[in-house]
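Since the structure comes first, as structure tokens, the remarks are kept for the end.
The values are calculated or read from the model by the stated rules, or taken from the named source; none is laboratory data. Not measured: the values here are computed from a predicted model. In this analysis, Cβ positions are derived from the backbone assuming ideal geometry, glycine residues included, and neighbour counts consider all displayed protein chains. Accessible surface is based on the protein model in full, side chains and every heavy atom, while ligands, DNA and RNA are left aside. Shrake-Rupley method; radii C 1.70, N 1.55, O 1.52, S 1.80 Å.
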Amino acid sequence: MRKLMYLVLVLALVLGLGGQAFAQTYVVGTSADFPPFEYIEDGEFVGFDMDLMRAIADEMDFEIEFRDISFDSLIPGLRTGTIDIVIAAMTITEERKQAVSFSDPYYVANQSVIVKEGLDRDLTVLFGDNRIGAQTGTTGDLWVTERLYDQGILTGQVVRYETFDLAIEDLVNENVEALVLDRPVAERFVEDRPLILVGEIITHEEYGIAVDRGNEELLQKLNEGLQRVIDSGRMGELIDKYFR
Ligand code: ARG
């Protein structure tokens, strides 16, 4: 009897530890300045992307650990291996695909323009001698740089910010005349600040989850997990939670 109890105890221990050791942990990088996709509330990572990533990890039986990193350091982080996965409302672009591999798209968004309220500004703020802000390395930054600045349409300055917290602060304080950023996020920022949305730029950007280029095994897990999250109805719930 005693022997049997020992055996059961040892077995439970081995299985328990084994179970833990086998659950892979991936480090997930994000830039937590982008509500409702990723932001920090009471010290916790919250938002649509954060919940989506947790749901995928749940489905595929792996553990995750989030890291907050500036947006333009996310791809370098994947390349050097300090992080394994990036989920950051990141648009799938041809240029980024040279360095990283993207999951199937999980969200579509356009760019938009926001200004300070009450200054009688509109979309024409993008033309001429103004200061237009964007987050460094984002598609908004690229659009302003390539389509406006390099063409001589914007003759003022492109002001680049590491995080959106700083960009929004500068807009409210009138240190820049406008910001260009993804529309769902712009909508969130103007809700409770003296800012307004004055235009949408139809860029039809698809967001994807990124891994280092060629990490097919992990990419497969993410795509399978994403599909399961969609099929189970969990995706619909997340959309309702964050966008309705
Ligand atoms: N969708 C845009 C891009 O890929 C902006 C993403 C910014 N994300 C963030 N978490 N700050 O460039």
Open item on the list: So in the stretch 178-208, with the set limited to residues that are over 19 Å from the mean Cα position of the chain (by Cα) and of a type outside the set (A, V, I, L, M, F, W, C), which one is modelled with the lowest pLDDT?
Closed with: Asp192
- [ ] Considering only the stretch 125-226, give the helices (runs of 4 or more DSSP H) lying wholly within it that have at least 1 residues that are open to solvent by 40 Å² or more (accessible area, probe 1.4 Å) and among the hydrophobic types (A, V, I, L, M, F, W, C).
- [x] 139-143, 164-172
- [ ] Please identify the pairs in which a residue from the stretch 85-114 that is over 20 Å from Val27 (Cα atoms) has its Cβ atom under 6 Å from the Cβ atom of a residue that is assigned to a loop (DSSP other than H, G, I, E, B) and at pLDDT 95 or above, counting only partners at least 6 apart or on another chain.
- [x] Ile92/Gly208; Pro105/Gly208
Open item on the list: Let me spell it out: the conditions are (1) more than 14 Å from the ligand (Cβ to nearest atom); (2) of a type outside the set (Phe, Trp, Tyr); (3) open to solvent by less than 30 Å² (accessible area, probe 1.4 Å), and Arg96 meets all of them except one. Which number is the exception?
Closed with: (1)
TODO: Taking Val108 as the residue in question, decide whether it is over 16 Å from Asp182 (Cα atoms), within 16 Å of the ligand (Cβ to nearest atom) and hydrophobic (A, V, I, L, M, F, W, C).
DONE: no
Task: Every pair of residues 6+ apart whose Cβ atoms lie under 6 Å, when the first sits in the stretch 23-34 and is more than 14 Å from Leu78 (Cα to Cα) and touching a residue at least 40 places away in the same chain (Cβ under 8 Å) while the second is part of a loop (DSSP other than H, G, I, E, B) and among the hydrophobic types (A, V, I, L, M, F, W, C) - done: Phe34/Ala89
